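Q: Would you mind keeping the following structure in view while I ask a few things?
The values are calculated or read from the model by the stated rules, or taken from the named source; none is laboratory data. Being a predicted model, the structure only gives us computed values, none of them experimental. Using ideal geometry, Cβ is built from the backbone for each residue, glycine included, and neighbour counts are taken over all protein chains shown.
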Amino acid sequence: MDDALNKAIKLIKESKYTVAFTGAGISVESGIPPFRGETGLWSKYNPEILELSYFYQYPKESWTVIKEIFYDFFGKAKPNKAHLALAELEKLNLLKAIVTQNIDNLHFDAGSKEVYEFHGNSRMLVCSNNHSFEANSINLEELPPKCPKCNELLKPDFIFFGEGIPELAYRKSFEAAEKADVVIVIGSTGEVYPASNMPKQAKANGATIIEINPEKTLFSESITDVFIKGKASEIMEKILIGLNKK
Ligand code: NAD
């Protein structure tokens, strides 16, 4: 692992445009489980609550579970050392942007500024007339929540199954893929499309791919140049120390 770690540190140090691409794995050590796998959220909850047709047909039932997972539970999570290390790398001008599939706000909470939320976020709630509100300004005790301006149903501003990627985040993410000469892929299976195309596109443009994950993924055998096996927080802390030393 030391060899891979040293290679990664050197690549980031010499890079002109490093971008991080993060998935659910980076937030596992903040107490948020991934969706898939044995301990994943879908082993406990039915994913149909995030299907648009179900949501509009049964808003109260859907919102009861959404509130439990994304507001009562995710809402208590704090950034871990991996989120904090990425924020520090940005301050040191060693990281230009983060493309995240996560909706948990932990990169912003850690202090990162240039974050493209590929799947949207749970921070805002929106209605069909495009009025939007900070989730923490809306009373979620009475469900489903209604828009204070037009009384339409409010929906979290992350994408449900079958919804398109937010336009701005999509554009910014693929611009980052064009510019990147190094991409650090952290905690993503590579199974979620089209997000998984971002590091692939960067690789096709000549970027070197560093991957951090306790397990091999779809990226590992296809585009990864330097695989560092381990937990996001441990590895990112070591990378940060290594970069500060050199
Ligand atoms: P995913 O593609 O996001 O994969 C999770 C990956 O994290 C796996 O490869 C796993 O080996 C790895 N991992 C586990 N612990 C880790 C650790 N400590 N450090 C580094 N990596 C670790 O899979 P998913 O959960 O099915 O996600 C599906 C989609 O839903 C993705 O877009 C994901 O980002 C999103 N999601 C977001 C959150 C969140 O906002 N925190 C939570 C669950 C899912």
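Q: Quick test for you: out of P59, P33, pick the one residue that is surrounded by fewer than 20 Cβ atoms within 10 Å (Cβ to Cβ) and near the ligand (Cβ under 10 Å from one of its atoms).
A: Just one listed residue meets the conditions, P33.
Q: On to the next question. Of all the residues that make up the stretch 153-174, how many are surrounded by fewer than 14 Cβ atoms within 10 Å (Cβ to Cβ) and either touching a residue at least 12 places away in the same chain (Cβ under 8 Å) or aliphatic (A, V, I, L, M) (or both)?
A: The number of residues fulfilling the criteria is 3.
Q: Yes or no: the stretch 170-179 includes at least one residue that is charged (D, E, K, R), closer than 25 Å to I69 by Cβ and either at pLDDT 95 or above or within 18 Å of the chain's Cα centre (by Cα) (or both).
A: No, the stretch 170-179 contains no residue that is charged (D, E, K, R), closer than 25 Å to I69 by Cβ and either at pLDDT 95 or above or within 18 Å of the chain's Cα centre (by Cα) (or both).
Per-residue answers, yes or no, for (1) within 14 Å of the ligand (Cβ to nearest atom); (2) touching a helix residue (DSSP H, G or I) at 6+ places or on another chain (Cβ under 7 Å); (3) without any contact (Cβ under 8 Å) to a residue 40 or more places away in the chain:
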residue: N105; (1), (2), (3): yes, no, yes
residue: V115; (1), (2), (3): yes, yes, yes
residue: F118; (1), (2), (3): yes, yes, no
residue: S137; (1), (2), (3): no, no, yes
residue: E141; (1), (2), (3): no, no, yes
residue: K146; (1), (2), (3): no, no, yes
residue: C150; (1), (2), (3): no, no, yes
residue: A176; (1), (2), (3): no, no, no
residue: T208; (1), (2), (3): no, yes, no
